[in-house]
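Everything below concerns the one structure shown next.
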Ligand code: PMP
C-alpha cells in the first residue's frame, strides 16, 4: 500500500506540505540546533567510541583536572578565529559557561568584607546573571541591577562587578563595559563571539573572558565552557570554585569537546563558520524582510561588521530577534504573539519592558520556518485591517 505520512504538528495534508493553522512556533529557548546539519555532514569524523577502561581516574597525568590537549586545541582555535587573545592567559574549564559565570563572580568578590560586591549588567541582559547571583546568596556579592546606575558611583568602599555580554543576549549588540572606575571589574561573556553570529572586529583582550561550546559547535548538552583569565590570583580562585563544586569538569565531555574542536579545525577551518553564518544570515534576512512592511512589529538594527576572520564586511546574523510590539493594544507583546501561535521569551525577564519579546533564531530549520510562517500571517493580517 501507499506509505502513511506522519506529519509533524505544524503540517497536514497527504504529503505534509500544508501548514496547519494551529501550528505553534516555539522559539523560546536558545537551543543551538541550527548546527545539527553540520554535524550530520560530519557524522563519521566527529563520532566517538570510548572503551570501558578509558579515563577512569579522577585526574589526568600530572594530577591535572583538565586535558592538556584540549587546552592547547582551544588556544589554537582562538588564534585561528582571531576572537580572543590567549597569550599570557590561564584557562579554567566549567560545566558549561553557566558554572563559570558564578565562579567568576566569586573570584572577583572580596572575602568576608562588610560590603558585598555589587553585581550589575547593562539592560537588557541575560537573566541567569541575576538568577544565579540571587540564588547563591553570598555575603560577598549581591545583584544590584542596571550597570549605568553605578556609572557615577562615588562609593569606592565596595567592589563593582559588571557582566558585559558581547554579542549581547537578547539584542545581539557588541556591548562594552560601561563602568570604568578602578574598583570595577568586568566578566566578559563571549558565548556568541563567533563568526556564526557577528563579524569579529578584533581579538577580545579582556581580563576575564568566558566562552562556551554550546553556541560554538551547538553541543549545549555536553555542558562544556572555558574562561581565559589574565590575573593568576583570579585564576586560582576560579579553579578553587570549580574544584570544590564538582572536582572539575567531567573527563568525558572534555574528550568529546576535543574531538569536536578537532573537526572544527579540519580542512580550511572555516566550514563550520561558513555554515553557521550562512544559516543565521539567511534567517535574519527572511525575518527582516517579512517585518519590513510591518507597522505593528519591529526588530533591532544590527550594523554590518568588518570580520577579520572572513576578511570582509559581514551582513548581520544574530542569534536572537529582539522584537518590539509597537501598538498600545499589544503592550503585553508576549501574549499578543502567543495568541498568534508564537512562543517567545517575555522581555520583562531581561529587565526590559513588556513590549519586547526575544525570538530564538538558533533552533532547527523547521522551528524557524514555523516562526516565519506565523510572522508572515500576522503581517498579512495587518494589511487586511487597512
Ligand atoms: N551566556 C549567555 C549570554 C548565554 O546566552 C548562555 C546560554 N543561553 C550562557 C552564557 C550559558 O550557556 P552554557 O552554560 O550552555 O555554556
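The values are calculated or read from the model by the stated rules, or taken from the named source; none is laboratory data. Computed from a predicted model, the values in this text were never measured in an experiment. No Cβ is skipped: glycine too gets one built from the backbone with ideal geometry, and neighbour counts run over all protein chains shown.
Being away from the ligand (no atom under 15 Å from the Cβ) and either in a helix (DSSP H, G or I) or under 28 Å from residue 33 (Cα atoms) (or both) is the filter here; which residues of segment 197-237 pass it? Listed by number, the residues that qualify are 199, 200, 201, 202, 203, 232, 233, 234, 235, 236, 237. Within segment 62-79, the set of residues being touching a residue at least 24 places away in the same chain (Cβ under 8 Å) and over 24 Å from residue 245 (Cα atoms) comprises 73, 76, 77, 78. It is to be established whether one or more residues within segment 152-166 are modelled with pLDDT of 95 or more, over 16 Å from residue 206 (Cβ atoms), within 15 Å of the ligand (Cβ to nearest atom) and assigned by TED's automatic domain parsing to the domain that holds residue 256. No, the conditions are met nowhere in segment 152-166. It is to be established whether one or more residues within segment 90-100 are free of Cβ contacts under 8 Å to residues at least 60 places away in the same chain, away from the ligand (no atom under 16 Å from the Cβ) and in contact with a strand residue (DSSP E or B) (Cβ under 9 Å, 6 or more places away or on another chain). Checked segment 90-100: no residue is free of Cβ contacts under 8 Å to residues at least 60 places away in the same chain, away from the ligand (no atom under 16 Å from the Cβ) and in contact with a strand residue (DSSP E or B) (Cβ under 9 Å, 6 or more places away or on another chain).
For segment 316-337, a tally of residues being within 16 Å of the ligand (Cβ to nearest atom) and free of Cβ contacts under 8 Å to residues at least 60 places away in the same chain returns 1. Restricting attention to segment 109-135, the residues that are part of a loop (DSSP other than H, G, I, E, B), over 23 Å from residue 357 (Cβ atoms) and in contact with a strand residue (DSSP E or B) (Cβ under 7 Å, 6 or more places away or on another chain) total 3. The criterion of being under 20 Å from residue 32 (Cα atoms) and touching a residue at least 24 places away in the same chain (Cβ under 8 Å) holds for residue 260.
Of all residues in segment 212-227, none that is at pLDDT below 95 has its Cβ atom under 9 Å from the Cβ atom of a residue that is near the ligand (Cβ under 7 Å from one of its atoms), 6 or more apart or on another chain. Within the span defined as segment 104-118, one or more residues are touching a residue at least 40 places away in the same chain (Cβ under 8 Å), surrounded by 18 or more Cβ atoms within 10 Å (Cβ to Cβ) and within 16 Å of the ligand (Cβ to nearest atom). In segment 38-63, of all residues being surrounded by 14 or more Cβ atoms within 10 Å (Cβ to Cβ) and either modelled with pLDDT under 85 or within 29 Å of the chain's Cα centre (by Cα) (or both), the one that is farthest from residue 273 (Cα to Cα) corresponds to 46. Only one of the numbered conditions (1) in contact (Cβ under 8 Å) with a residue 60 or more places away in the chain; (2) surrounded by fewer than 16 Cβ atoms within 10 Å (Cβ to Cβ) is not met by residue 279, and that is (2). Checking segment 185-192 against the condition returns a match, with at least one residue being assigned to a strand (DSSP E or B), in the same structural domain as residue 241 (by TED's automatic domain parsing), touching a helix residue (DSSP H, G or I) at 6+ places or on another chain (Cβ under 9 Å) and under 24 Å from residue 360 (Cβ atoms).
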